[in-house]
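*Asks:* Mind looking over this structure? Questions follow.
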Amino acid sequence: MTTPPAAPASRAASPAHSRPAGPVRPTGYTLVRAGRASFLLHRRAALVAGALAVLLAAACVAGLSVGQTTVSPADVVRVVLGLPSEHELLVGRLRLPRLVVGLLVGAALGIAGALIQTVARNPLASPDIIGVTHGAAAVTVGAMTFGLASAAVLPYLSITGGLLAAGLVYAFAWRGGLHAARFVLIGIGFAVALRSVTQLFLTKGDQFAAQQAKVWMTGSLNGRGWDHAVPLGLALLVLLPAVLWAARAQRTVSLDDDTATALGVRLGRTRLGLAGLGVVLAALATGAAGPVDFVALLAPQIARRLTRTAQIPLLCSALAGAFIVVLGDLLARLLFFPVELPVGVLTAAIGAPYLLWLIVNNRTGGKA
């Protein structure tokens, strides 16, 4: 009796054994290595950020070129690079500081809106909707109309007012958890009350100072110079490490509570840190240019819809916010020339219909 021949060895190992085991890379991400460090880059978000940066650069050149006196883009670039030009006074000393303030204000509002919407898990939540900017405005206008502080102190008062308003909204909305709908509704109530307080200050204070405060309340970049741009830029530079932390922390906050807790995330502290950072950024922007409404509402949603990411991308939100403010200021100067509208009027005209659309279509809820 012959023994049957042994089966031939398989020439190719099964796929399960031929590839080394390793972490699964999420769809749509690319692994980027920089020396010993490595991180995942969302390809669509990177493309959107690049496109927004190009659009923002074009809007900046247009903002520096167009006006009562038109300057060629080549001369604008020469002034920005510090090269000799006959338009140094017009571009370098008048238009460029205003543009820089608009860039910083828009970026700060975009990031602030993204952080607060992440914490609240609601697209309706933004600093101007939940009363943060109104708290900053109430304290600032009160100090202006009653002559209680100098112009150099006003940005710090804006931060104080924004923090106080946010603290009150958070305290009244907390009921064993932070319900998104309750958080937004209580914030709207505080916004209405604080707006009434601001109007009271305008009627009871010095009339000349009240007129200046009314101009400030419209959210205008008119008359903004390097004395506004430099302090705001330094403050944002100091907050940059916190923003980098927030970009990482918001990933865990976006998870459901049980999953985040199982991963060891301290949700209460993380949410408080993200919300506090968003409030400070919004208050800084308000102190520099006044309440520029709806930028913090629009920019994060534009960024999220363009990138289609699970979290609101902070970089794209900052670029979108800066683009909205710079383009809005350009259109505000040109649409009714020679009359110049405040940029806040134009952003409100765009943002108010969008807010109504969000209220009608919003179906989100649950605890944040």
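*Asks:* Can you spot a residue in the stretch 164-175 that is within 23 Å of the chain's Cα centre (by Cα), among the basic types (Lys, Arg) and open to solvent by 60 Å² or more (accessible area, probe 1.4 Å)?
*Replies:* no
Condition check ((1) at pLDDT 90 or above; (2) more than 19 Å from the chain's Cα centre (by Cα); (3) charged (D, E, K, R)) across all residues:
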{"site": "Glu86", "(1), (2), (3)": "no, yes, yes"}
{"site": "Gly92", "(1), (2), (3)": "no, yes, no"}
{"site": "Arg98", "(1), (2), (3)": "yes, no, yes"}
{"site": "Leu109", "(1), (2), (3)": "yes, no, no"}
{"site": "Pro127", "(1), (2), (3)": "no, no, no"}
{"site": "Ala137", "(1), (2), (3)": "no, no, no"}
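*Asks:* Only one of Gly287, Gly366 is of a type in the set (Gly, Ala, Ser), at pLDDT below 90, touching a helix residue (DSSP H, G or I) at 6+ places or on another chain (Cβ under 8 Å) and surrounded by fewer than 24 Cβ atoms within 10 Å (Cβ to Cβ). Can you tell me which?
*Replies:* Within the list Gly287, Gly366, the selection yields Gly366.
*Asks:* Filter the stretch 176-218 down to residues that are of a type in the set (A, V, I, L, M, F, W, C) and under 23 Å from Leu267 (Cα atoms) and give me whichever is surrounded by the most Cβ atoms within 10 Å (Cβ to Cβ).
*Replies:* That would be Phe183.
*Asks:* Name the residue that is surrounded by the most Cβ atoms within 10 Å (Cβ to Cβ), counting only residues in the stretch 130-157 that are over 17 Å from Ser196 (Cα atoms) and touching a Ser or Thr at 6+ places or on another chain (Cβ under 8 Å).
*Replies:* Taking the candidates together, the pick is Leu157.
*Asks:* With a cut-off of at least 3 residues that are within 29 Å of Trp357 (Cβ to Cβ) and touching a helix residue (DSSP H, G or I) at 6+ places or on another chain (Cβ under 7 Å), name the helices (runs of 4 or more DSSP H) lying wholly within the stretch 68-182.
*Replies:* 96-120, 132-145, 154-173
*Asks:* To continue, here is another question. Testing Cys316 on (1) part of a helix (DSSP H, G or I); (2) over 15 Å from Ala108 (Cα atoms); (3) out of contact with any Gly (no Cβ under 8 Å at 6 or more places or on another chain), one condition comes back false. Which one is that?
*Replies:* (2)
*Asks:* Let me ask something else. Can you pull out every residue in the stretch 219-234 that is assigned to a helix (DSSP H, G or I) and either touching a Lys or Arg at 6+ places or on another chain (Cβ under 8 Å) or surrounded by 19 or more Cβ atoms within 10 Å (Cβ to Cβ) (or both)?
*Replies:* Listed by number, the residues that qualify are His228, Ala229, Leu232.
The values are calculated or read from the model by the stated rules, or taken from the named source; none is laboratory data. Here the structure is a predicted model, which means the values were calculated and not measured. Note: ideal-geometry Cβ built from the backbone for every residue, glycine included; neighbour counts use all protein chains shown. To get the accessible areas, we keep the full protein, side chains included, count just its heavy atoms, and leave off ligands, DNA and RNA. Shrake-Rupley method; radii C 1.70, N 1.55, O 1.52, S 1.80 Å.
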